[in-house]
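A short write-up of the structure that comes next.
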Amino acid sequence: MVKMTPFEDLRSSRIVTLHGEVDAFTAPALRLELERLIESATVSTFVIDLAAVTFLDSSALGAFVGALRLLRERGATLRIVEPQGAAARIFAHTGLDEVLALYPTRELALKSGESG
C-alpha cells in the first residue's frame, strides 16, 4: 500500500513524498493524484520523493513517466528522489535511469531544481 503525505511547495518546487509500496493495485490512484497535483501546480519543478518507498513495479514507473510527460507539456521538470535498497534497481533495469532525473537525496533534487 502506498501513502502520500501532503505536498509541500518550496520556492519554485512542489514536493510529493511517497511511503510504502507502489504496485499495480496502487499505481492507478497514484497516477490520478499526480495528475491532479501537477494540474494545480504553479511551480517549475516537481519532486517525487521515493526515499521511504520499499517496492516499485512497472506500473509505478508508468505513473512517473506519465507525470514527466504532463510536466514537459507545461514547461516544468520532474526530479525523483530514489528509493533506498532494492527498490532503486528498477530504474536501471528498465533504462529509465537514462530518462528520469534521479537524485540520491531530496536536498540534491531541490538544489538541482533551483539552478535549472
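By the Cα gyration tensor, segment 70-116 has an equivalent ellipsoid whose semi-axes, rounded to whole angstrom, run 20, 15, 7 from largest to smallest. Highest mobility in the GNM of the chain, judged by mean-square fluctuation with C-alpha springs under 10 Å and restricted to Ser58, Ser12, Ser40, is found for Ser40. DSSP beta bridges confined to segment 2-115 are antiparallel in about 25 percent of cases. The modelled label-to-label distance for the pair Ser12/Glu98, using points 7 Å beyond Cα in the direction of Cβ, is 2.9 nm.
The trypsin sites (Lys or Arg not before Pro) of segment 1-97 that DSSP puts in a loop, and whose beta carbon has at most 15 other beta carbons within 10 Å, are Arg11, Arg74.
Between Ser112 and Arg69, what FRET efficiency follows from the Cβ-Cβ distance if R0 is 22 Å, with the result rounded to 0.05?
Details: r = 20 Å, r/R0 = 0.91.
It comes to 0.65.
In the set (1) 29, 14, 12; (2) 23, 19, 13; (3) 20, 15, 13, which value of semi-axes √(5λ) of the Cα gyration tensor in Å was calculated from the structure you see? Among (1) 29, 14, 12; (2) 23, 19, 13; (3) 20, 15, 13, the one calculated here is (3). Multiplying the residue separation of Glu39 and Arg89 by 0.36 nm and removing their Cα-Cα distance gives an extension gain of 15.0 nm.
Where a number appears in this text, it was derived from the coordinates with a stated rule and is not lab data. Just so it is clear, the model here is predicted, and its values are computed rather than measured. Neighbour counts are summed over all protein chains in view; Cβ atoms, including those assigned to glycine, are modelled from backbone coordinates with ideal geometry.
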